[in-house]
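Student: Quick one: the structure is below, questions incoming.
The values are calculated or read from the model by the stated rules, or taken from the named source; none is laboratory data. Bear in mind the structure is a predicted one, so any value in this text is a computation, not a measurement. Cβ coordinates were reconstructed from backbone atoms using ideal geometry, including for glycine residues, and neighbour counts include every protein chain displayed.
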Amino acid sequence: MSHYEFECTECFRSHKADPQTLRCETCFGTLSVKYVNSKKQVNTLVGGGTLEMPIPLCSLSEYLSLGEGNTPVVSMPNISSMFEVEAHAKLEFMNPTGSFKDRGTAMMISALKSKGVHEIVEDSSGNAGASVSAYSTRAGMKAHIFAPLSAPRTKLNQIKIYGSVLHEVDGSRDETTEAAEKFVKNKSIVYASHNLSPFFIEGTKTFGYEIFNDFDREMPENIVVPVGNGSLYLGIWKALEELKEKRLIKTLPKLHCIQAENVNPIASNNTWNKSEMKSTVAGGIAVGSPPRKLEVQSVLRQSGGTANSVKEASIVEWQIKLAKYEGLFCEPTSAAAFAGLENLINGKQIDKNESVLIPITGSGLKDVFPE
Ligand SMILES: Cc1ncc(COP(=O)(O)O)c(C=O)c1O
Ligand SMILES: [Zn+2]
């Protein structure tokens, strides 16, 4: 018996951890990894080697790394004094392919490789595709990456340079997913959707473990995350729950979820109508039907976080402000979190003198530059 299985996030039915199983066979709910056999559990050391984190691999030697994780945390003195808070950034753009996705991809590709998978399909707004392309090459797997034709050229070229087959889709982010699902139908290729694969969140979990160490075992009071499908948001929460279960932390941060006003299926308070979706400069969070929406909403309730929508002009403004005030150059999707920070402070969801951590999820070099 393996030390983990997949569990439905809605009806809690157990499933064998098969790479082809991405949805619950009873209720079509999304799946997550559940560790069931502590005697066989495999742990990796994270947070500067100080913490054990359970992983869905049978041995540490199965883990394929390109050096992801352990990203720096820096203070943001100008934003801190502007808002009278204690603001820190975790520099996720310093991951090997320039975004936080590498955390999830490293674990997902390692787990799939350990199960004998040699050909995969993925769909992405660009960053996850570039990440999957790099790690599948490292694993000796063939990868087909579906991405919108409208994605920044830099991201599309990055997908290609690692050697994957790029399928450009003349349509929205959601239509890109549909094209990938159609392509994989009736083929033996594995659909390695980073949004559905339970392995991906087991990798983004490392972010939550690292901050325990980054903040000297004191968690920040707030974490503000740009959310499309919620893979980082949910990975952070899973880490926090595991740390709480080990009695290492008592109070959990508020996890705030930031979306673009033009695509806000989670932040719109159930008034969202996908047919009215408009385009956004924050391409990484332009997800009209996030499959893990119920999970994100549940974490919002449990953590006391707020879901907030930000305006296009504010996203662009904050990309420039972050570069000018703090010397940090992020892509527009990441800047959305800062536009959200401003709203949360104005709306008093974050109070004066509170500590705030913002992941800078992707590099400014990957997207179109503002003039
Ligand atoms: C730079 C960046 N930030 C945030 C996100 C949102 O991640 P998720 O869709 O897992 O919530 C993405 C997704 O593509 C991204 O590329
Ligand atoms: Zn179910």
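Student: Looking at the range 87-100, is at least one residue within 14 Å of ligand 1 (Cβ to nearest atom), without any contact (Cβ under 8 Å) to a residue 40 or more places away in the chain and touching a Ser or Thr at 6+ places or on another chain (Cβ under 7 Å)?
Tutor: Yes, the range 87-100 contains at least one residue that is within 14 Å of ligand 1 (Cβ to nearest atom), without any contact (Cβ under 8 Å) to a residue 40 or more places away in the chain and touching a Ser or Thr at 6+ places or on another chain (Cβ under 7 Å).
Student: In addition: Which one is farthest from ligand 2 (Cβ to nearest atom) among residues in the range 5-48 that are more than 24 Å from Glu122 (Cα to Cα) and either in a strand (DSSP E or B) or among the aromatic types (Phe, Trp, Tyr) (or both)?
Tutor: Leu45
Student: Scan the range 212-225 for residues that are more than 21 Å from Ser32 (Cα to Cα) and crowded, with 24+ Cβ neighbours inside 10 Å and jot them down.
Tutor: Correct list: Asn222, Ile223, Val224.
Student: Go through (1) in contact with a strand residue (DSSP E or B) (Cβ under 8 Å, 6 or more places away or on another chain); (2) of a type outside the set (Gly, Ala, Ser); (3) under 28 Å from Phe28 (Cβ atoms) one by one and return the number of the condition Glu331 breaks.
Tutor: Among (1) in contact with a strand residue (DSSP E or B) (Cβ under 8 Å, 6 or more places away or on another chain); (2) of a type outside the set (Gly, Ala, Ser); (3) under 28 Å from Phe28 (Cβ atoms), Glu331 violates only (3).
Student: May I pose another question? Going by what's in this entry, would Gly228 be described as assigned to a loop (DSSP other than H, G, I, E, B) and either buried (at least 22 other Cβ atoms within 10 Å of the Cβ) or more than 14 Å from ligand 1 (Cβ to nearest atom) (or both)?
Tutor: Against the criterion (assigned to a loop (DSSP other than H, G, I, E, B) and either buried (at least 22 other Cβ atoms within 10 Å of the Cβ) or more than 14 Å from ligand 1 (Cβ to nearest atom) (or both)), Gly228 qualifies.
Student: Residues of the range 278-310 being assigned to a loop (DSSP other than H, G, I, E, B), surrounded by fewer than 20 Cβ atoms within 10 Å (Cβ to Cβ) and either at pLDDT 95 or above or aliphatic (A, V, I, L, M) (or both), which ones?
Tutor: Within the range 278-310, Pro291, Gly304 meet the criteria.
Student: Now a separate question. Would you please name the residue that is farthest from Glu261 (Cα to Cα), looking only at residues in the range 355-371 that are of a type in the set (D, E, K, R) and surrounded by 18 or more Cβ atoms within 10 Å (Cβ to Cβ)?
Tutor: Lys366
Student: Moving on. Among the numbered criteria (1) among the polar types (S, T, N, Q); (2) outside any loop (DSSP other than H, G, I, E, B); (3) under 30 Å from Phe28 (Cα atoms), which one does Asn343 miss?
Tutor: Here Asn343 meets the rest and fails (3).
Student: Restricted to the range 242-275, and to residues that are closer than 15 Å to Glu175 by Cα and over 19 Å from the mean Cα position of the chain (by Cα), which residue is surrounded by the fewest Cβ atoms within 10 Å (Cβ to Cβ)?
Tutor: The residue in question is Ser275.
Student: Identify, by number, the condition in (1) at pLDDT 95 or above; (2) part of a loop (DSSP other than H, G, I, E, B); (3) within 15 Å of ligand 1 (Cβ to nearest atom) that Asp351 doesn't meet.
Tutor: Going through the list (1) at pLDDT 95 or above; (2) part of a loop (DSSP other than H, G, I, E, B); (3) within 15 Å of ligand 1 (Cβ to nearest atom), Asp351 breaks only (3).
Residues checked against (1) among the charged types (D, E, K, R); (2) modelled with pLDDT under 95; (3) assigned by TED's automatic domain parsing to the domain that holds Lys115:
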| residue | (1), (2), (3) |
| --- | --- |
| Glu10 | yes, no, no |
| Arg23 | yes, no, no |
| Cys27 | no, no, no |
| Val46 | no, yes, no |
| Ser65 | no, no, no |
